[in-house]
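Let me begin by presenting the structure, written as C-alpha cells, before commenting on it.
Values in this text are rule-based calculations from the coordinates and carry no lab data. Just so you know, these numbers come straight off a predicted model, no measurement behind them. Note that we place each Cβ from the backbone using ideal geometry, even for glycine, and neighbour counts take in every protein chain shown.
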Amino acid sequence: MLDKEKEVLARRIAGEITLSSDPGKTMRKWREIFGISQTELADHLGVSSSVISDYEGGRRKSPGATTIKKFVEALLAIDESRGGSVIKAFSRTTGLELPTTAILDIREFSIPVKIADLVEAVKGEVAANKDMLDKEIYGYTVVDSIQAILEMSSEEFLKLYGWTTERALVFTKVSTGRSPMIAVRVQGLKPAVVVLHGVKKLDELAVKLAEKEKIPLVISKAENEGELITNLRKLAEKKEGD
C-alpha cells in the first residue's frame, strides 16, 4: 500500500471530523467503517472504552487536533495489522476512472443516516426486509443501470461502493429489478440497501434475492432522476447541518 494513499485517507478522515457539526458521530462512523470495536480502539489508544463512548456520544467536548490525529493513526494501524482491507478499498476508489455516463451521483454521509430516512427521501415503498429500516448507512451511489451493464467491468462495478458497502445502491432506468439484484448477488459484496427507480413491474426474483441476501429493497416513486438525486442530496445536506 502506497504511503501517499494512506496519507490521503488520513487527511480525509481528519478533515471530516474537524469540519463536522457532530464530531463524535463522525468518529463513530469511521470506526464502524473500519470494523473496529470501541474496546479494541480504546486498548490501542491506551484509554478506557468509556472515553471512546463519551466522544461518540457527545458527552466530551469536541476532540482537539492531537486527539483526532491519534484516533486516525489508530484506525489505520489496526487496519494494517489486519491486512489493510479498508486502506486497500480506498486505494481501489482512487485507482480507476469511473465511467461518468453510468455513475449519476455518489456521496458519503458525514453522519450516519437511517435507511428509513432514505426511504422517505426517495419517496420509496419497501418491497423486502421492512424490519431492517433502522440500520444506518454511510453513503449512496446513483447508477444508470443500462449504462452500468453496457460499460462497467466487474472491477469497476466494485467502485460503486465508494468508501464502504454500508451504503445505498440506487439504480435508475430499471424495468423489473432483476438485473440489478443479480449483479449485486454475483459480485459478492452486498450494499446495505438497494433502491430501484423506474420499475414498471417488479420481478419476483428480485424480491427473493433481496430476502435471501437480507438487503432491504426499495422502489422509488420519485417523479424522475432529477428529483431522486435532488432529494438524496438534500438528505445528505440536512444530516450535515443537524
Anything in the chain that counts as a DSSP H helix reaching 20 Å or more along its axis (C-alpha) with Kyte-Doolittle mean of at least 0.0? List them, would you?
65-81
Under a point-charge model restricted to the Cβ atoms of Lys and Arg (+1) and Asp and Glu (-1), what is the dipole moment magnitude of the chain relative to its Cα centre, in debye to the nearest 20?
220
So what does log10 I(q)/I(0) come out to for the chain at q = 0.10, 0.15 Å⁻¹, using the Debye formula with one equal point on every Cα and no solvent?
-0.49, -1.05
Helix-derived mean residue ellipticity, 222 nm - over the chain, DSSP H n ≥ 4, -39500 (n - 2.57), to 500:
-16000 deg cm²/dmol
Which whole-number percentage describes the relative contact order of the chain, with Cα contacts under 8 Å and a sequence gap of 6 or more?
19
Using a basic spin-label model with each label point 7 Å from the Cα along Cα→Cβ, how many nm lie between Met132 and Thr230?
3.1
By how many nm would the segment from Ser50 to Ser85 lengthen if fully extended, with 0.36 nm per residue of separation less the alpha-carbon distance?
9.9 nm
Which parts of the stretch 102-118 would a label at Lys238 reach, counting a residue when its backbone N lies under 11 Å from a point 7 Å out along Cα-to-Cβ?
114, 117-118
Computed E for Thr39/Ser62 - FRET, C-beta separation, R0 35 angstrom, nearest 0.05
0.95
When all alpha-carbon pairs of the stretch 141-235 are counted, what percent fall beyond 16 Å?
51
Straight-line reach check, Lys173, cutoff 16 Å on alpha carbons, 8 or more apart in-chain or any other chain, hits among aspartates and glutamates -> Asp105, Asp144, Glu151, Asp203, Glu223, Glu225, Glu227
With 5 Å bins from 0: P(r) over the stretch 196-242, alpha-carbon pairs, percent
5, 18, 19, 17, 17, 15, 7, 2
So between Glu211 and Glu223, what do we pick up on full extension, going 0.36 nm a residue minus the alpha carbon distance?
1.7 nm
